[in-house]
Every structure is written in C-alpha cells, then in structure tokens.
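First the structure, in the form of structure tokens, and then the observations on it.
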Amino acid sequence: MISRACIIIGISALLLFTSCGQQHKAESLASDFVAENMVDPSAISGKDFADLGTTRHLSDSLIKVMRQRGAEGFKKNIKYGEIPQGDLIYLRMQYVKDGDTLSNTFYLDEELASIVAFK
C-alpha cells in the first residue's frame, strides 16, 4: 500500500516538473520574440528571467496602448497573438544592452502560445 507521504511527494514532483516546463516554454517564446522583433538583438547579453506570474488586471484597451506604444529598440508593426479573455501570464526579462541593464515584461496567453503585448 502506498503511503500518503509518497503520494504527496509524487504530486509535488509532478507539479514542479510541469511548472519548470512552462517556465522554459515562456522563456523560449520571449527569447524568440526578442530575436525577431528587436532592432539589433545581437547587441544584448546576459538575459535573466523572473518566475512566471499571472494577472487579470490588463484590459483590452491597455493591451492596445502597449501594442501601439511599443518599446525603445524594437521594430514597429509587431505581430502579436490574439487578445484572450481571462488571465494573462507575464514574464519579466532583464538583459544588458550597450552597457545598460534593461528589462521588459512580456504578456502571454494562458497556453503560452503567443506574446499578447509587452512593455
């Protein structure tokens, strides 16, 4: 008979591996987004990512403003994923560019399939 402690440990390990997979997937998506949309992606180094977070505090209008405003050093007319209903996942990336430490926050859909906006 399997003890409760073994079951709890097994479930905890499964959750840990799942969250690590999500973190890696989100980091890869953000890195690909930067490589494709930054004016000079070869000028950055030392990328460091924070843990994933969830937010529901972004309205459609705020997402549209972030898309229009863009960010310094990024191309115009970036293609984003569709604005989903419900929560968004966010990921902060810190990096060094031209000797300055900068950061961006990327907002992703819950499936981690696309970047919805960034700042």
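The values are calculated or read from the model by the stated rules, or taken from the named source; none is laboratory data. Quantities reported herein were computed from a predicted structural model and do not represent experimental measurements. In this analysis, Cβ positions are derived from the backbone assuming ideal geometry, glycine residues included, and neighbour counts consider all displayed protein chains. The area values use the complete protein model at the heavy-atom level, side chains included, leaving out ligands, DNA and RNA. Shrake-Rupley method; radii C 1.70, N 1.55, O 1.52, S 1.80 Å.
Is there a residue being closer than 23 Å to Leu88 by Cβ, of a type outside the set (S, T, N, Q) and either modelled with pLDDT under 90 or open to solvent by 50 Å² or more (accessible area, probe 1.4 Å) (or both) anywhere in segment 1-14? Checking segment 1-14: not a single residue is closer than 23 Å to Leu88 by Cβ, of a type outside the set (S, T, N, Q) and either modelled with pLDDT under 90 or open to solvent by 50 Å² or more (accessible area, probe 1.4 Å) (or both).
Could you run through segment 68-86 and say how many residues are open to solvent by less than 80 Å² (accessible area, probe 1.4 Å) and either closer than 17 Å to Ala113 by Cα or of a type in the set (Asp, Glu) (or both)?
6
For segment 42-55, filtering for residues that are closer than 14 Å to Ser103 by Cα and surrounded by 17 or more Cβ atoms within 10 Å (Cβ to Cβ) leaves 2.
Screening Val96 with (1) touching an Asp or Glu at 6+ places or on another chain (Cβ under 9 Å); (2) open to solvent by 30 Å² or more (accessible area, probe 1.4 Å) gives one miss only, at (1).
So is Leu58 at pLDDT 90 or above and surrounded by 16 or more Cβ atoms within 10 Å (Cβ to Cβ) or not? No.
Kindly establish whether Val65 is among the β-branched types (Val, Ile, Thr), out of contact with any helix residue (DSSP H, G or I) (no Cβ under 8 Å at 6 or more places or on another chain), over 19 Å from Ser114 (Cβ atoms) and modelled with pLDDT under 95.
Details: among the β-branched types (Val, Ile, Thr): yes; out of contact with any helix residue (DSSP H, G or I) (no Cβ under 8 Å at 6 or more places or on another chain): yes; over 19 Å from Ser114 (Cβ atoms): no; modelled with pLDDT under 95: yes.
So Val65 fails the test.
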